[in-house]
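Here's the structure, in structure tokens; my notes come after.
No lab work stands behind these numbers, since they all come straight from the coordinates. Everything quoted here is computed from the prediction, not taken from an experiment. Neighbour counts run over all protein chains shown; Cβ positions are idealised from the backbone, glycine included.
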Amino acid sequence: MKNGYTQTGPFIHSYRTHKRGKYIVGIADAYNAMGLIGPELNGIFVLDDKEKQVVLDCECPQQSGYFGPNKAQYDRLSAILLMTDDEFQTFINNHERTRL
């Protein structure tokens with residue numbers, strides 16, 4: 001992983017996260033599985049900041065997050081942040097990796 005990364009929950013990221021109500025939304029460069037760092041598990045994640053749990057992950061993944069987010073991930077994050085509250089909830093509810 002490159003220098004300048006932060007960890008939020010199990011996700012390691014080099015790009016800032018965004019607060020959306022009770023949720024934290026960001027782009028993971030990798031997943032920290034108790035010390036085993038996996039850049040193959042990357043993409044947009046949503047955390048429930050109130051309940052301290054992962055809501056969904058691996059939205060718009062790339063082959064490896066080792067070099068940070070790509071343009072498609074930045075674009076998808078922007079689209080998610082522009083969703084209405086109803087659209088955002090539908091996105092969460094219908095995502096294949098949702099944990100709700």
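What to note about this one:
- Packing-based exposure ordering (other Cβ within 10 Å, fewest first) of Ser14, Ser78, Ser64: Ser78, Ser64, Ser14
- Whole-angstrom Cα spans of the chain along principal axes, big to small: 36, 28, 23
- Loop-located chymotrypsin sites (Phe, Trp or Tyr not before Pro) in the range 35-100 whose Cβ has at most 15 other Cβ within 10 Å (DSSP): Tyr66, Phe67
- For the chain, the longest site-free run once GluC sites (Glu not before Pro) in DSSP loop states with at most 11 other Cβ atoms within 10 Å are removed: 1-50
- Among Gly38, Gly65, Gly26, residue whose mean-square fluctuation peaks in a GNM of the chain (springs only between Cα atoms under 10 Å): Gly38
- Rounded to 10°, Cα long-axis angle of helix 71-81 versus longest principal axis of the chain: 30 degrees
- Label-point gap, in nm, between Lys52 and Thr90 - each point 7 angstrom along Cα→Cβ: 3.4 nm
- For Asn42, nonlocal amide neighbours, meaning residues 5 or more places apart or on other chains whose placed amide H falls under 5 Å from its own, are Gln62.
- Where a label projected 7 Å from the Cα of Lys19 along Cα→Cβ would reach, residues of the range 45-72 with amide N under 18 Å: 46-53
- Degrees, to the nearest 10: 85-94 long Cα axis against longest axis of the chain: 60 degrees
- Compared with the alpha-carbon gap, the fully stretched path from Arg97 to Ser78 is longer by 4.9 nm at 0.36 nm per residue.
- Loop trypsin sites (Lys or Arg not before Pro), the range 16-74 (other Cβ atoms within 10 Å of the site Cβ: 11 or fewer; DSSP): Arg16, Lys22, Lys50, Lys52
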